[in-house]
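Right, one structure below, let's go through it.
The values are calculated or read from the model by the stated rules, or taken from the named source; none is laboratory data. Bear in mind the structure is a predicted one, so any value in this text is a computation, not a measurement. With ideal geometry, Cβ positions are generated from the backbone for all residues, glycine too; neighbour counts draw on all protein chains shown. Remember, those area values only see protein heavy atoms, side chains included, never the ligands or the DNA or RNA. Shrake-Rupley method; radii C 1.70, N 1.55, O 1.52, S 1.80 Å.
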Amino acid sequence: MRVYEPIERRKLYELIAEQLLSQISERRLQPGDVLPPERELTRLYRAGRSSVREALRMLESAGLIKSIGKGSFAVAGYANLLNNSLRLLMSLDEASMHDIYELRRIVECEAAALAAERRADEQIAQLDEAIEEMRQGLRLASGERYIDADLRFHLVIAEATGNRLLLHSMGALRELIRRALMSIFLIPESAERSLVQHEAIRAAIAAGDPQRARAEMRDHLVRVEADVNRTLAQTTGAIGG
């Protein structure tokens with residue numbers, strides 16, 4: 001059976017921004033490198049000046065490039081590149097919700113295992129505080145308090161690994177999925193199940209059991225993604241039906 005899929009229509013400035021992002025990600029453009037002038041980019045991409053300007057504006061607002069005066073731009077420093085690259089990919093619809101949760105499983109499951117081996121007592125106390133904030137947040141309709149505590153819980157785990165690059169990566173990833181977490185809060189009983197699973201993750205880390213910590217984190221992320229997918233499917237079916 002032949003499967004026909006809609007042809008994606010992309011704006012020209014998005015394609016230009018994507019190509020420049022690729023050059024930055026692949027280190028062909030290094031931090032501090034000056035981008036070609038607007039006129040040269042117009043010639044290279046065979047695009048109008050308005051499209052080039054919009055692409056540069058998108059990259060600048062994402063923090064990937066910075067103005068150095070007289071209409072010139074340079075690549076930003078490494079400190080912001082990961083976080084802002086992920087944000088830009090999301091704005092370009094290059095990363096699906098499945099991509100995000102798959103990346104979370106790759107990063108956070110191993111982070112939980114490392115945290116079980118390396119955590120300090122202070123970090124266990126911080127996990128307890130985050131869990132209590134989540135419990136208090138369940139009583140509020142907005143979800144803001146719950147989501148903030150959920151984010152903090154996972155960042156504490158990243159910090160407990162002692163790996164600064166992993167902590168920075170988690171900071172970037174967590175910002176991307178914050179709006180997804182708000183949706184989870186609104187799914188009946190999903191937030192309550194997450195609280196129970198966070199307690200199980202905390203217990204495994206406190207016990208110094210890396211295998212159990214890894215498994216508990218994986219169970220949590222798989223369950224959350226399933227809740228999101230099921231809700232999206234129900235919403236789509238309701239609209240279509």
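Structure data summary
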| read-out | value |
| --- | --- |
| Tally of residues being within 18 Å of L166 (Cβ to Cβ) and surrounded by fewer than 19 Cβ atoms within 10 Å (Cβ to Cβ) across segment 127-138 | 0 |
| Cβ pairs under 8 Å, 6+ apart, first in segment 206-225 and of a type in the set (D, E), second open to solvent by 60 Å² or more (accessible area, probe 1.4 Å) | E225/M97; E225/H98 |
| Single residue of E175, E199 found to be at pLDDT 85 or above, assigned to a helix (DSSP H, G or I) and open to solvent by 10 Å² or more (accessible area, probe 1.4 Å) | E199 |
| Of all residues in segment 21-41 being modelled with pLDDT of 90 or more and out of contact with any Gly (no Cβ under 7 Å at 6 or more places or on another chain), the one that is nearest to G77 (Cα to Cα) | D33 |
| Search result, residues across segment 95-125 that are under 25 Å from A207 (Cα atoms) and open to solvent by 50 Å² or more (accessible area, probe 1.4 Å) | I106, E110, E117, R118, R119, D121, E122 |
